[in-house]
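Down below is the structure, laid out as structure tokens.
The values are calculated or read from the model by the stated rules, or taken from the named source; none is laboratory data. Predicted model, so just to flag it, every value in this text is computed and none were measured. Ideal geometry is used to build each Cβ from the backbone, glycine not excepted, and the neighbour counts take in all protein chains shown.
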Amino acid sequence: MSPLLPSPLPRRAFRGLCVALLGVALLAPAPAHAARNKKKRPVRAARPAAAAPAGDAAMKAWLAKAEPGAPHALLAKMAGSFALESRFYAGPDAAPQLSAATVEQSMVLGGRYLRQEFAGTMNGQAYQGFGVLGFDNVRAKFFSFWVDAVSTAPLQHEGGCADAECKTLDMRGQYLDPATRKPKNTRVTFETRDDGKLVQTLYDVDARGRPFKSLELVYTRK
């Protein structure tokens, strides 16, 4: 073999050289024309975020809606100590079951809510419960929330005035029937009578979906 020609590489060295050359080829930058042909994805502009109200304005709005007003003054007229007569109706044609109780009603949390505390009997059994009546300034609606010792589920209603003088509050709600596990619509009214008595009436629906008066509570001031 001529001394001017390079001697043949060993097999391992030749293989390593090939791998090195391949790596250089892969790492080399793409030709200019290839970069030009590559399509660029359009950049979508970000949607502007909704402008939040200024801190001072938001705080003023919050504080304004947190203050009790005329609807809360209306609830305050229902405060006091009462003797309660209860009439429970098991169905549309059922005879009433009479019970008696005492009720303490007072405005709480700075005159924002009317708290109700009941103690007495119902269907011959001791009965206890308490509730809250209020007015939501933001939603402009009256609401009621009730819990007692004969159920673990709260009863909630919301609504408004049924007449111009707001002598009657008319509110609607819904609860899950324990027997059928289906929702049932309910209605409750709070009436302030001219003789000073308060009358609370609860309406339920029967198996056919027909509404009927299920409970009437007559409050007499002590």
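Which of (1) of a type outside the set (A, V, I, L, M, F, W, C); (2) surrounded by fewer than 14 Cβ atoms within 10 Å (Cβ to Cβ); (3) over 21 Å from residue 80 (Cα atoms) is the odd one out, the single condition residue 221 does not satisfy?
It is condition (3) that residue 221 fails.
Of all residues in region 195-222, which are in a loop (DSSP other than H, G, I, E, B), over 20 Å from residue 156 (Cα atoms) and of a type outside the set (D, E, K, R)?
The answer is 196, 207.
Out of all the residues in region 97-108, is one or more touching a residue at least 12 places away in the same chain (Cβ under 8 Å), assigned to a loop (DSSP other than H, G, I, E, B) and exposed (fewer than 13 other Cβ atoms within 10 Å of the Cβ)?
No.
Taking the conditions exactly as written (more than 23 Å from the chain's Cα centre (by Cα), farther than 23 Å from residue 194 by Cβ and in a loop (DSSP other than H, G, I, E, B)), does residue 94 satisfy them or not?
When the stated conditions are applied, residue 94 passes them.
Check off (1) over 24 Å from residue 168 (Cα atoms); (2) at pLDDT 95 or above for residue 52 and give me the number that stays unchecked.
So the condition that residue 52 fails would be (2).
Which one of these is among the basic types (Lys, Arg) and either touching a residue at least 60 places away in the same chain (Cβ under 8 Å) or closer than 23 Å to residue 74 by Cβ (or both): 181, 172?
172
Of all the residues that make up region 118-154, how many are under 21 Å from residue 86 (Cα atoms), under 24 Å from the mean Cα position of the chain (by Cα) and not in a loop (DSSP other than H, G, I, E, B)?
10
Across region 165-189, what is the total count of residues that are hydrophobic (A, V, I, L, M, F, W, C), part of a loop (DSSP other than H, G, I, E, B) and either modelled with pLDDT of 95 or more or surrounded by 11 or more Cβ atoms within 10 Å (Cβ to Cβ) (or both)?
Matching residues across region 165-189 total 1.
Looking at 181, 172, 210 in this structure, which one is among the basic types (Lys, Arg) and in contact with a Lys or Arg (Cβ under 8 Å, 6 or more places away or on another chain)?
Answer to the selection: 172.
For region 122-135, which residues satisfy the criterion of being more than 13 Å from residue 217 (Cα to Cα) and surrounded by 13 or more Cβ atoms within 10 Å (Cβ to Cβ)?
If the condition is that a residue be more than 13 Å from residue 217 (Cα to Cα) and surrounded by 13 or more Cβ atoms within 10 Å (Cβ to Cβ), then 127, 128, 129, 130, 131, 132, 133, 134, 135 are the ones that fit.
Look at region 144-160 and say how many of its residues are among the hydroxyl-bearing types (Ser, Thr, Tyr) and surrounded by fewer than 16 Cβ atoms within 10 Å (Cβ to Cβ). Before you say what the answer is, go through the steps one by one.
From region 144-160, those among the hydroxyl-bearing types (Ser, Thr, Tyr) are 144, 151-152; that's our starting set.
Next, from what is left, pick out any that are surrounded by fewer than 16 Cβ atoms within 10 Å (Cβ to Cβ): 151-152.
Matching residues across region 144-160 total 2.
Among the aliphatic types (A, V, I, L, M), touching a Ser or Thr at 6+ places or on another chain (Cβ under 7 Å) and at pLDDT 95 or above - does that describe any residue in region 133-146?
yes
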